[in-house]
Amino acid sequence: QVQLVVPMAVVFGPESVPGDLPRPLPFRDVQEMEISVNLRTRVTSRYEMRYRSTTAQEEAALAATTAREADAALHPLQETTLGSLTMYVVPETSSLLPQGTNVYVGKHRSALVRAGGSLAALQARLREVTQVMSFTASSIAAALSDRVPNGQLGPDARRYLKSSLGYEITFSLLNPDPKSHTVDWDIEGAVNRYVKPVLNKLSLLANFSVDSQILYYAVLGVTPRYDKESSSFLLSAHSLPHVINPVEARLGSSAASLYPVLNFLLYVPERSHSPLYIQDKDGAPVSTNAFHSPRWGGIMVYNVEAPTSPQASLPLHVDVDMARVMEVFLAQLRLLFGLSWEEVPPEFLLESPGNEGLADWELDHLLWAHTVENIATVSTTLTSLAQLLDKIGNIVIKDDVASEVYQAVASIQSAVTKLSLGHLHAAFQASKEAVTSSERAFFDPSLLHLLYFPDDQKFAIYIPLFLPMAVPILLSLAKIVRETRQHKKEPTKMD
């Protein structure tokens, strides 16, 4: 049973303290919520809230003209512990938040919350904010998707990438018609400018490696439909799943990889199928002209403008607009990691993370989910290993394998303890160590069950060898016993 503890500071600005506070500031309060995964597994979320008033420096920061300026000024005054949150309560008449916006979530680990009049209304608003900035029941259920009964998961729960110690990202340029197009893309500059800041932020989560390739004469494998009205070719939503398999056979990146591979493909349509557009389920054109596949990656179609004169020489030289391409690929990367703003209430205003690609609280969101998933993975791995050892009674367990099992158990107990204390970073590191140790023990070559024969197979192997030898031996023994009995029955002659 796992308990997730979120340390929270609720800071009241001038004229924002509710009149029905139970006791004077400062004071502490605890709120708990139980997330039921299945009949045996429950995750308890515990919010340890510290209510206090603003300091003089915080009051000066909250006197800024915009919420963005206030967030930037408040950042140096906050705790930087991973998993902790700071909520600044501003008056209902505050001009920091735009009209119709009750919550402003910044780039770091703080939010501006409009006072709701009463303490109950404020606490309900704070509960919504904390679930957005830390974890929700759906995100925990997605992390434990292997244990959730079928039918109880949302449609997007299995879209997210499983927790791993590393990921490999491959950018591929597909040019099916090199006779018509010579395509240049500055992938190295684009990775350094757009991708590296995001991966630097995610380096706390896992190790990342990035590579790129250009594939010629690589077609999608699906013939697009020609539309006379728009004089263009269309790919419908139901045909998109059939695009990936033919292309994946050409990629060759996942064959020798130890870690999950994320494929991001930029496809320049051949001249006979240009321009090519992707339609959604309603038949409307997709604005990005791209689509993504769960736990696999994404594909973007990059149309090339037709030459103005029919006498233009081929091949045409094409320079890819990498800013437009990377904007799509980074959005797909966020979706694959489960960082979506679709579930955010409409009265919330979320600050764009900028070049870093994700905010500090979004990184915490990933750490919460991956820590819980790692704990469940280690539990399943060690249970499977124990069942294997019980099944094969004569299996030999080496000392190094035993030490890995002990290390995995100790690390996972440490991770659960750290979570219950609110130390997210230490808990995540312990869960990663537990995953490494449990995988080493489970996949140790000496524990391969094919090395050990069950008893029934031993009898099947040895009986044909020993039976021909055993028959004459048993007959001889029977003859000796019979002669011994007859010898005892005969009377002894006396002289």
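Quick notes on this structure:
- Accessible surface of segment 166-337 [probe 1.4 Å, protein heavy atoms]: carbon and sulfur percent: 51 percent
- Nearest-ten-degree value, helix 322-336 long axis tilted from longest Cα axis of the chain: 50 degrees
- The 3J(HN,Hα) values that the Karplus relation (6.51, -1.76, 1.60; θ = phi - 60°) gives for segment 381-388 are, in residue order, 5, 5, 5, 5, 5, 5, 5, 5 Hz. Gly and Pro appear as x.
- The solvent-accessible area of GLU351, taken with every protein chain present and a 1.4 Å probe, is close to 30 Å².
- Each label was represented as a point 7 Å from its Cα along the Cα-to-Cβ direction; for PHE459 and PHE443 these points are 3.7 nm apart.
- Packing-based ranking, highest mean first, of 199-207, 377-385 given that Cβ atoms within 10 Å are counted: 377-385, 199-207
- Beta bridges by DSSP in the chain, antiparallel share as percent, to the nearest 5: 30 percent
- Inter-part distance where segment 178-247 and segment 1-60 are each reduced to a Cα centre, Å: 45 Å
- Lysines whose Cα lies under 30 Å from that of LYS489, excluding same-chain neighbours fewer than 8 positions away: LYS479
- Cβ-Cβ FRET estimate between SER420 and MET33, R0 fixed at 25 Å, reported to 0.05: 0.95
- All lysines inside 23 Å of LYS281 as judged from Cα atoms, apart from same-chain residues fewer than 8 positions distant: LYS228
- Overall Cα dimensions of the chain - principal axes, largest extent first, Å: 136, 83, 37
- Remark: relative contact order (the chain) = 16 percent; criterion is Cα-Cα distance under 8 angstrom and separation of 6 or more residues.
- Averaging over all projection directions, the Cα-based convex hull of segment 357-495 occupies 16.8 nm² in the image plane.
- Order of exposure, largest accessible area first, which applies to ILE35, ILE397 with probe 1.4 Å: ILE397, ILE35
- Straight-line reach from LYS179: taking Cα to Cα under 15 Å and skipping same-chain neighbours fewer than 8 places apart, the aspartates and glutamates in range are GLU270.
- Computed [θ] at 222 nm, deg cm²/dmol, the chain (DSSP H ≥ 4; -39,500 (n - 2.57); rounded to nearest 500): -12000 deg cm²/dmol
- The longest stretch of the chain left intact once loop-based chymotrypsin sites (Phe, Trp or Tyr not before Pro) with at most 12 other Cβ atoms within 10 Å are removed from consideration, loops following DSSP, is 1-216.
- Contact order normalised by residue count of segment 87-152, Cα under 8 Å, 6+ apart, percent: 27 percent
- Taking trypsin sites (Lys or Arg not before Pro) across segment 40-75, the ones in a DSSP loop with at most 11 further Cβ atoms lying within 10 angstrom of their Cβ are ARG40.
- Values of log10 I(q)/I(0), in the order q = 0.20 Å⁻¹, for segment 166-337 under a Debye, Cα-only, solvent-free model: -1.48
The values are calculated or read from the model by the stated rules, or taken from the named source; none is laboratory data. It should be emphasised that the depicted structure is a prediction, and the values quoted were computed from it without experimental measurement. With ideal geometry, Cβ positions are generated from the backbone for all residues, glycine too; neighbour counts draw on all protein chains shown. Accessible surface areas use protein heavy atoms only, side chains included; no ligands, DNA or RNA. Shrake-Rupley method; radii C 1.70, N 1.55, O 1.52, S 1.80 Å.
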